[in-house]
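The values are calculated or read from the model by the stated rules, or taken from the named source; none is laboratory data. Source: prediction; values computed, not measured. No Cβ is skipped: glycine too gets one built from the backbone with ideal geometry, and neighbour counts run over all protein chains shown. Note: accessible area is taken over every heavy atom of the protein model, side chains too, but ligands, DNA and RNA are not part of it. Shrake-Rupley method; radii C 1.70, N 1.55, O 1.52, S 1.80 Å.
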Amino acid sequence: MVPIKDREGNVIAVLGLDMDVDSDLNLLNWFFWVAVTSLVVIFFVTGAAAYFLARFLTAPIESLRRGAEQVQDRDFNTRVEVKSGDELGLLADAFNDMVREIRIHSEQLEDMVADRTARLEETLAQVQRLKLQQDGDYYLSTLLTNPLFKNRNNSDRISPDFLLRQKKQFSFRRWKAELGGDLCVSGNIKFNGSRWVMFFNGDAMGKSMQGAGGALVMGSLINSIMVRSSANDRDLQIDPREWMRQTHAEIQRIFETFDGSMYVSGALGIIEESSGRMFYLNAEHPHTVLFRKGNASFLEEEMSTRKFGMPDVEEPQIFEYQLEDGDVLIAGSDGRDDLEISSNTEGRQINQDEGLFLKICESTGGQLEGIVDALQAYGGITDDLSLIRVEFSAVPMARPVVSDIKELLQSKKFQE
């Protein structure tokens with residue numbers, strides 16, 4: 001029904017149209033349900049098709065994933081079966097080729113590792129044999145050097161004491177020993193009827209065997225000079241200062257024959273028992289310390305001469321000192337100063353303060369064991385360390401009698 005209006009908008013008539021109930025224009029409701037049904041069917045069909053298509057496409061990828069996990073678990077016999085002529089099939093073939101190459105390389109690598117391991121074990125065994133032989137050589141060297149580094153003094157007024165710790169420590173069979181280039185020697189000499197005490201502290205340049213070789217030569221030479229000068233209670237008719245010059249010249253001539261391959265720094269001194277008068281020379285050795293009445297100071301301000309063995313060495317300057325009752329001399333190698341203060345990725349820091357040793361001598365009362373403990377508390381010792389302590393007494397020092405020694409031994413007080 002549709003109203004018909006005039007120009008003024010008034011309804012003047014009504015148009016009515018009646019349609020056949022069986023006409024196609026009255027089938028909208030039926031078309032609606034047909035459309036809904038079609039959409040539902042299409043949705044499920046499309047979902048099912050997508051599912052089966054996804055399964056079809058992802059099956060090769062899943063097979064590749066499982067194969068990769070097996071390879072990750074070192075199963076190099078893995079093979080992926082993908083029957084497809086597309087890119088997935090090409091990828092599976094490439095994967096299989098890769099695994100085959102890995103398997104071949106792994107087998108070759110295992111053989112190579114086994115071969116290298118066998119060679120390494122053989123080399124290690126050879127190194128161990130060489131080390132055993134080297135330690136044997138080291139041990140034989142200590143058998144030669146140790147008897148030379150002795151305190152043969154028998155004075156009752158002058159008391160030398162040694163401390164010798166070489167940096168190179170080793171074991172040979174059941175023995176433990178140490179090897180290095182430091183040495184200490186002392187003994188007695190007589191000049192013009194007066195008894196003197198000789199002491200020497202030296203440091204041969206070089207590490208391990210090289211340093212030990214220099215120490216062996218120097219120790220043999222110093223002991224030879226001392227024995228020659230004092231054998232059979234010999235009384236040398238020579239001025240002590242001149243003996244010092246001749247001794248320096250003899251040592252220098254011997255070491256010059258090594259053509260620069262062996263240098264030794266050292267402090268050599270002789271002290272008269274009765275008076276405490278001392279003649280002394282320093283061949284590029286650390287300054288000797290004088291410990292007097294609780295105060296420590298360096299004995300010399302300059303060196304007497306260059307190291308033994310260096311070319312064109314002139315006649316040394318011989319220093320003369322007068323020791324007082326209770327004075328203590330402490331000579332030592334440069335191991336006393338070369339202390340490792342700290343260490344990091346940029347390197348290690350070595351002590352540069354020469355006055356540190358003076359402070360340590362004062363704090364420990366000039367006692368050797370205390371000095372070593374204080375040095376180790378301050379930093380790590382990085383080189384051979386040798387110290388010789390010489391104490392002068394104006395009156396004879398009390399010595400234990402045989403009965404006292406026997407009692408100490410029976411009480412197992414061996415250190416005393």
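A few notes on this one:
- Calculated SAXS-style log₁₀ I(q)/I(0) at q = 0.10, 0.14 Å⁻¹ - the stretch 302-416, Debye, Cα scatterers: -0.51, -0.87
- Degrees between helix 208-230 axis and first principal axis of the chain (Cα, 0 to 90, nearest 10): 10
- Principal-axis tilt of helix 368-378 within the chain, Cα atoms, nearest 10 degrees: 20
- Largest first, the residues Met209, Met244, Met310 sort by 1.4 Å accessible area into Met209, Met310, Met244.
- Among Val14, Ala59, Phe95 the positive-end extreme of the charge dipole of the stretch 1-136 (Cβ point charges): Phe95
- Computed on protein heavy atoms with a 1.4 Å probe, the accessible areas place Lys131, Lys190 in the order Lys131, Lys190, largest first.
- Whole-angstrom Cα spans of the stretch 320-364 along principal axes, big to small: 50, 22, 12
- Here the translational diffusion coefficient of the stretch 187-240 follows from Stokes-Einstein with Rh set to the Kirkwood radius across Cα pairs; for 37 °C and 0.692 mPa s it amounts to 264 µm²/s.
- From phi via Karplus (6.51, -1.76, 1.60), per-residue ³J(HN,Hα) for the stretch 301-314 in Hz, x at Gly/Pro: 9, 8, 7, 7, 6, 7, 4, 5, x, 6, x, 6, 7, 7
- Mean accessible surface per residue for the chain, computed with a 1.4 Å probe while every protein chain stays in place, in Å²: 61
- Linear extension gain, Gln126 paired with Val113, 0.36 nm per residue minus alpha-carbon span: 2.7 nm
- Under 5 Å from the amide H of His285 lie the amide H atoms of Gly266, each residue being 5 or more positions distant or on a separate chain, with H modelled from the backbone and absent for Pro and chain starts.
- Taken over the C-alpha atoms, the stretch 328-396 has Rg and Dmax values of 13.7, 56 angstrom.
- Residues whose amide H comes within less than 5 Å of that of Lys168, counting only those at least five positions distant or on another chain, are Leu179 (H built at 1.01 Å from N in the peptide plane).
- Within the assembled protein chains, the solvent-accessible surface assigned to Glu121 is about 120 Å², based on a 1.4 Å probe.
- When all protein chains stay in place and ligands, DNA and RNA are ignored, the 1.4 Å accessible-area order of Lys5, Lys293, Lys207, largest first, is Lys293, Lys207, Lys5.
- Just the protein heavy atoms count here, and of the accessible area of the stretch 100-248 at 1.4 Å, carbon and sulfur take up 50 percent.
- By average C-beta atoms within 10 angstrom, highest first, the peptides 194-201, 153-160, 179-186, 301-308: 179-186, 194-201, 153-160, 301-308
- The Val14 and Val41 beta-carbon pair, evaluated with R₀ = 45 Å, returns a calculated FRET efficiency of approximately 0.50.
- Here's how it looks for Asp327: its modeled amide H is under 5 Å from those of Phe392, which are all 5 or more places away or on a different chain.
- Shown here is the pair-distance distribution of the stretch 58-141: with all Cα-Cα distances grouped in 5 Å bins from zero up to the longest one, the shares run 3, 13, 15, 12, 9, 7, 6, 6, 6, 6, 5, 4, 3, 2, 2, 0 percent.
- Taking 0.36 nm per residue of separation and subtracting the current Cα-Cα distance, fully stretching the chain between Asp22 and Ile238 would add 61.9 nm.
- Residues Phe414 and Glu324, FRET efficiency given R0 of 30 Å [Cβ-Cβ distance, rounded to 0.05]: 0.35
- Above-threshold pairs, the threshold being 31 Å between Cα atoms, out of Lys168/Lys307; Lys168/Lys406; Lys176/Lys412; Lys167/Lys307: Lys168/Lys406
- Taking 0.36 nm per residue of separation and subtracting the Cα-Cα distance, full extension of the segment from Gln210 to Asn77 would add 42.0 nm.
- Compactness of the stretch 122-251 is given as radius of gyration and Dmax, 18.1, 66 Å, from Cα positions.
- Spread over its residues, the convex hull of the C-alpha atoms of the stretch 165-319 is 143 Å³ per residue.
- The mean of 1/r over all distinct Cα pairs in the chain, once inverted, gives the Kirkwood hydrodynamic radius of 29.9 Å.
- The percentage of C-alpha pairs in the stretch 1-140 whose separation is greater than 21 Å is 75%.
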